[in-house]
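Okay, so here's the structure we're looking at.
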Amino acid sequence: MTTAQQIVFTAPGTIEVQTNPVPVVGDDDLLVRVRRVGICATDLHVLDGHIGDPFPVVPGHEFVGEVARIGERARTARGLEVGDHVAVEMLLPCGTCDWCRRGEYNICAEDDVVNGGPGRQYGISLTQAQAPGFWGGYAELLFVPRGAIVHCLDPAIPWDAAALVEPLAVACRCVARGGVSLGDDVVIIGPGPVGLLAAAAAREAGARRVILVGTRDERLARGAGFGVDAVINTRSSDDPIAELRGLLDGRLADVVIEIAGVAEAQQQAVRMTRRGGRTVLAGAIGSRVPVAFLQDEDILLREVEIVASFLSAGGFTPAIGLLARAEYPFAELVSHRFPLERAAEALDLVRGKRDGVMKAVLLPNG
Ligand SMILES: [Zn+2]
Ligand SMILES: [Zn+2]
């Protein structure tokens, strides 16, 4: 193999299929043969130009695959061999900024593409223009330098389940940021893949009741397999807050995790949180329109703690453990599979939320 295919967003709204020379693998590097890459709403934000100007960019940050080639030092340092199944974290930490040194590498100072700086996120802000250009999962191969965080996957995990490792890691971080602990009543707003996975992660953290909130019945119905006890459809409900109280013996939730990425959901998240409880805002809105809260009534007088949860730092290890235990129907979330060259069609499907799509994936190597 001397060349490899990549899907490239060359400019906002423009998708190309390219064939490019396979990168040289240095002593400290490896190449991953991508087996699955999930299509994420974030990829649409990238395509639409909502996340800075990384163009040209190879999209795809939800990838898993196997080691295709590996440099000698990387082999020793990482304990990996050709053929090992791996997940690579989507943020390539600089390792030296204040935040990386504190372990908060998900907010690495060197990843600042929205302010016109360089980016360090695979598939989102690492531009293809930076050599060797194989920085996204919509490709046959992915380049992994020293400094990237690589996790070995049990080969018994089916690829379709493994494809969910990144969204599950995001979900695990949300639950950790929410401080979910034994006996907590947890509301998850947004029944997409991360929301469903967050329900399972909250259940694993010891939640008493897990309530899934959204607007689409067919998505809410999937919650049952992921540890959800009850659902609220905010579109058909006359009063979602009253409905929540009805489910929780008159109380509100100890922890609310919002992963819908719309202003109304974020406002609702705060209002569904009990006095002294915690709201986790994890959804990207994709616009610069402010979200309004009633500071006094909704937040101050009830001392609601609002935290953000960004990306997946610290989430991969618990996520991989959950995938290996296979107690939830992870692979069933993969609703659609496409070959690499049909990426544009797959993105359209995800944008339109058509055909019951939950998680669409590309299979760049068949
Ligand atoms: Zn994603
Ligand atoms: Zn850093």
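Considering only the range 325-344, how many residues are within 14 Å of GLY225 (Cα to Cα), in a helix (DSSP H, G or I) and among the small types (Gly, Ala, Ser)? The number of residues fulfilling the criteria is 1.
So is LEU44 touching a Lys or Arg at 6+ places or on another chain (Cβ under 7 Å), within 16 Å of ligand 1 (Cβ to nearest atom), of a type in the set (A, V, I, L, M, F, W, C) and open to solvent by 10 Å² or more (accessible area, probe 1.4 Å) or not? In short, yes. Looking across ALA343, ALA313, one residue alone is in contact with a Phe, Trp or Tyr (Cβ under 6 Å, 6 or more places away or on another chain), outside the structural domain of HIS61 (by TED's automatic domain parsing) and open to solvent by less than 20 Å² (accessible area, probe 1.4 Å). It is ALA313. For the range 326-357, which positions are among the acidic types (Asp, Glu) and either free of Cβ contacts under 8 Å to residues at least 60 places away in the same chain or under 18 Å from ALA156 (Cβ atoms) (or both)? The answer is GLU327, GLU332, GLU345, ASP348, ASP355. Among residues of the range 14-33 that are more than 21 Å from PRO56 (Cβ to Cβ), those with a Cβ under 8 angstrom from a residue that is of a type in the set (S, T, N, Q) and surrounded by 14 or more Cβ atoms within 10 Å (Cβ to Cβ), sequence gap 6+ or separate chain, pair up as ARG33/ASN365.
Residue check: is PRO118 assigned to a loop (DSSP other than H, G, I, E, B) and within 16 Å of ligand 1 (Cβ to nearest atom)? Spell out the reasoning first.
Numbers: assigned to a loop (DSSP other than H, G, I, E, B): yes; within 16 Å of ligand 1 (Cβ to nearest atom): no.
Here the answer is no, as PRO118 does not meet what is asked.
Would you call ARG75 open to solvent by 20 Å² or more (accessible area, probe 1.4 Å), more than 16 Å from ligand 1 (Cβ to nearest atom) and in a strand (DSSP E or B)? Answer is no for this residue. ILE188 meets the conditions (1) assigned to a loop (DSSP other than H, G, I, E, B); (2) crowded, with 23+ Cβ neighbours inside 10 Å in every case but one. The failed one is (1).
Looking only at residues in the range 290-311 that are over 28 Å from the mean Cα position of the chain (by Cα) and not in a helix (DSSP H, G or I), the one that is nearest to GLU264 (Cα to Cα) is LEU294. LEU153 falls short on exactly one of the conditions (1) surrounded by 24 or more Cβ atoms within 10 Å (Cβ to Cβ); (2) away from ligand 1 (no atom under 16 Å from the Cβ), and that condition is (1). Scanning the range 104-146 for residues that are modelled with pLDDT under 95 and at positive phi returns a single hit, GLY116. Determine if the range 146-158 includes at least one residue that is farther than 24 Å from GLY321 by Cβ, assigned by TED's automatic domain parsing to the domain that holds GLY95 and assigned to a helix (DSSP H, G or I). Scanning the range 146-158, I find no residue that is farther than 24 Å from GLY321 by Cβ, assigned by TED's automatic domain parsing to the domain that holds GLY95 and assigned to a helix (DSSP H, G or I), so the answer is no.
The values are calculated or read from the model by the stated rules, or taken from the named source; none is laboratory data. Predicted, not measured: the structure shown is a model, and the values here were computed from it. In this analysis, Cβ positions are derived from the backbone assuming ideal geometry, glycine residues included, and neighbour counts consider all displayed protein chains. These area figures cover heavy atoms from the full protein model, side chains too; ligands, DNA and RNA do not enter into them. Shrake-Rupley method; radii C 1.70, N 1.55, O 1.52, S 1.80 Å.
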